[in-house]
Amino acid sequence: MRAGGAEQRRQARKERRDRVEELAGGMTAPEVPLVWGAGWRGKTTAAVICVLFVTLFEHPAGAGLAHPRPGALIQALWTSLVVSFPCCWFALWRVTADRDGVHVRRLWSTRLLPWSTITRVEMRRDGQLEFFGRTPELIAGLFAPSWLSRVVRSDRGSRAADTLSAMVLHGDLRPTARVERGPAGTGFAPWIILLGVVLYLAVEFLPHWRLV
């Protein structure tokens, strides 16, 4: 069983290398940076989560602004922040490839991975891109997971991983332009805080949205 599994993995790696090389054969260097982002599916998912939260969640006693109790108020604000984190992740993630490398939007800032530090890029089953190389492995992006990709018949995540891998192997296929600054601006953190406050206020002042 172990030998068979190892052989399957070797075969899968070979097929992936062949696929990347075939893709590279038809590529030309882009004149502008390549950008992968959340798209309408990610933004819609984030919006649905926000609506459900505002509709179903109730602040504990003492969490309102009229007569707040510190413990209850902190609990309500913290809950809103916890919900806003995946929403911002779904709606605002971004991966950008330019002349210098790959820019990955993180929690606090946009991180640059120079091409020289990347050996390959693979798409994980959960839909995230995994960067391998001379620096610690980095997870980025949030495409449709493998099971959902088969349902909607979309290979956007796999193609992004193959495109980046082709650029890693062939320097002449990398974008010729450079982003002027971090392509995603600041990290997620400011948006998480802003959305958390908005969600808190929405639950506080829009009680008629709740289901009873």
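Worth a mention:
- Among the residues here, residue 89 qualifies as surrounded by fewer than 21 Cβ atoms within 10 Å (Cβ to Cβ), in contact (Cβ under 8 Å) with a residue 60 or more places away in the chain and more than 30 Å from residue 25 (Cβ to Cβ).
- Taken over segment 46-88, residues that are within 19 Å of residue 192 (Cα to Cα) and not in a loop (DSSP other than H, G, I, E, B) amount to 25.
- The requirement of being more than 24 Å from residue 176 (Cα to Cα), of a type in the set (Phe, Trp, Tyr) and open to solvent by 50 Å² or more (accessible area, probe 1.4 Å) is not satisfied by residue 53.
- When residue 14 is tested against (1) touching a residue at least 12 places away in the same chain (Cβ under 8 Å); (2) more than 24 Å from residue 197 (Cα to Cα); (3) not acidic (Asp, Glu), only condition (1) is not met.
- Single condition residue 94 does not satisfy, out of (1) touching a Pro at 6+ places or on another chain (Cβ under 8 Å); (2) buried (at least 17 other Cβ atoms within 10 Å of the Cβ); (3) farther than 30 Å from residue 168 by Cα: (3)
The values are calculated or read from the model by the stated rules, or taken from the named source; none is laboratory data. Everything numeric here is computed off the predicted structure, so don't read it as measured data. Neighbour counts run over all protein chains shown; Cβ positions are idealised from the backbone, glycine included. Keep in mind that these areas ignore ligands, DNA and RNA; they rest on the heavy atoms of the full protein, side chains included. Shrake-Rupley method; radii C 1.70, N 1.55, O 1.52, S 1.80 Å.
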